[in-house]
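Below: one structure, written as structure tokens.
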Amino acid sequence: MNIDEGARESEDISTCNDAMRRSFLAASTPFLFGLSSFAQPSFAGEVGARITKAVTTSDLGVSVRRSVVKGAQMMDKLDANWEKFSDENNLGSERLKQQERPKPREIPDPKPLNVGLAKKVLKCSDETFLECTGVSLDDLNSQIAKVDGLVRKSFERSGLELTGEMTSKQFNYFCYVHFKAFCDILIDNKLSFNRKQFESMLGDKLLSLFAPSASNTLDSLATKQQGLKPKSEDAMMNGISTGLSLTDDILNSLVANGIVAQFERNEIDSETLSDWTNDLSDIQLSIPLDGDITLGSQVLLQEQGFRVYPDFGRFAITSALQKSLAFPNQNVQSDEYYMDTNYNSDPDLFEVKQVLLNIVIDSS
């Protein structure tokens, strides 16, 4: 995958204007995908799964998610203007009779950041980039220093304190600097880059950080699978059970180490599992992550046109499921959506507060 050169912003410090800095420091942004205003506290259950599937697979859903939100902003503004016009001219009586809007979702503050773990995450990211590209460590460190030098003062003037022990906001900042450096190197050197390979390799490293017992768990799974046929019901059930267990371990670790404030995961019912083991349907996991402290860096990098960004939770969970389901030869695809969990018709009040992970497991 080659990063589009035309999407790259200028290296001048103007790339971090005041609006971007404010949204970055708040771990949210003033832009949102058109469907985000309809986010619900839980995506569990059959209806939720169907909605998520429609959004993630339909042409409209993919188009809205992939376009970098400018069109969505315009439509949100038009929608807000229409509601205002409707109310001012007494045309909104039917709308006012509708059900009360969903209450704002309460998102707690993340727990204190595990600084040691955060530093290891950054180190793993650097190491993976070097392994995927063959770039030298000196060149990478030089580019990281260059990006840091360009944006540091600008972020500090907007209120970010970059001294003392690393905080969650600092970690967000350093994620931006490191991944921005990755993207700059790829563009400057016109390097061919396999993004999926990078995410897979980084996910493998993160799996051991977020779920230290993963290696033993996978060894135990391998023992259970001995003598079974890959597509047998037992082999598939062993694989999905281990994969979901590791997924929960990762999610709990993200919360315990202060990287995510809270999470949910939809339950997979017995009928879905039965259909999946008989190759009649896929399994779809919907995992909302509230208060991901890297939200700002993820969205800012994508807003600037880059497709390499620090979605650490998705990388690790995808790795856990791929390893657990390798024997029954199941294909694991993952993607993310950025959501505002509160309804508001005013686009200026939209804030990205949630990363919704969508993971589909199907036969290869």
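Looking at (1) under 19 Å from Leu206 (Cβ atoms); (2) outside any loop (DSSP other than H, G, I, E, B); (3) hydrophobic (A, V, I, L, M, F, W, C); (4) over 11 Å from the mean Cα position of the chain (by Cα), which one does Ala326 not meet, given that it meets all the others? Failing condition for Ala326: (2).
Residues of region 189-227 that are among the charged types (D, E, K, R) and surrounded by 13 or more Cβ atoms within 10 Å (Cβ to Cβ): Arg195, Glu199, Asp204, Lys205, Lys224. Entry remark, region 148-166: residues being of a type outside the set (S, T, N, Q), closer than 14 Å to Leu300 by Cβ and outside any helix (DSSP H, G or I) number 1 in total. Of all the listed residues (Asp188, Asp148), the sole one being out of contact with any strand residue (DSSP E or B) (no Cβ under 8 Å at 6 or more places or on another chain) and farther than 18 Å from Thr294 by Cα is Asp188. Scanning region 256-278 for residues that are part of a loop (DSSP other than H, G, I, E, B) and of a type outside the set (Asp, Glu) yields Asn257, Gly258, Ile259, Val260, Ala261, Arg265, Asn266, Ile268, Asn278.
When the residues of region 279-317 are filtered to those that are polar (S, T, N, Q), part of a loop (DSSP other than H, G, I, E, B) and touching a residue at least 24 places away in the same chain (Cβ under 8 Å), the one that is surrounded by the most Cβ atoms within 10 Å (Cβ to Cβ) is Thr294. Scanning region 133-159 for residues that are surrounded by fewer than 18 Cβ atoms within 10 Å (Cβ to Cβ) and within 25 Å of the chain's Cα centre (by Cα) yields a single hit, Arg152. Residues considered: Ser192, Ser253, Ser270, Ser154. Of these, the only one that is modelled with pLDDT under 95 and touching a helix residue (DSSP H, G or I) at 6+ places or on another chain (Cβ under 6 Å) is Ser154. Does any residue of region 199-210 turn out to be within 14 Å of Ala316 (Cα to Cα), assigned to a loop (DSSP other than H, G, I, E, B) and not polar (S, T, N, Q)? No, because not a single residue in region 199-210 is within 14 Å of Ala316 (Cα to Cα), assigned to a loop (DSSP other than H, G, I, E, B) and not polar (S, T, N, Q). In summary, Lys169 fulfils each of the numbered conditions (1) more than 26 Å from Ala320 (Cα to Cα); (2) more than 22 Å from the chain's Cα centre (by Cα); (3) part of a helix (DSSP H, G or I) with the single exception of condition (2).
Looking across region 175-227 at every residue that is of a type in the set (D, E, K, R) and under 16 Å from the mean Cα position of the chain (by Cα), the one that is farthest from Gln333 (Cα to Cα) is identified as Arg195. Flag set for Arg307, criterion: modelled with pLDDT under 95 and basic (Lys, Arg).
The values are calculated or read from the model by the stated rules, or taken from the named source; none is laboratory data. All figures in this text were calculated on a predicted structure; none of them were measured in a lab. FYI the Cβ positions are ideal-geometry reconstructions off the backbone, even for glycines, and counts take in every protein chain you see.
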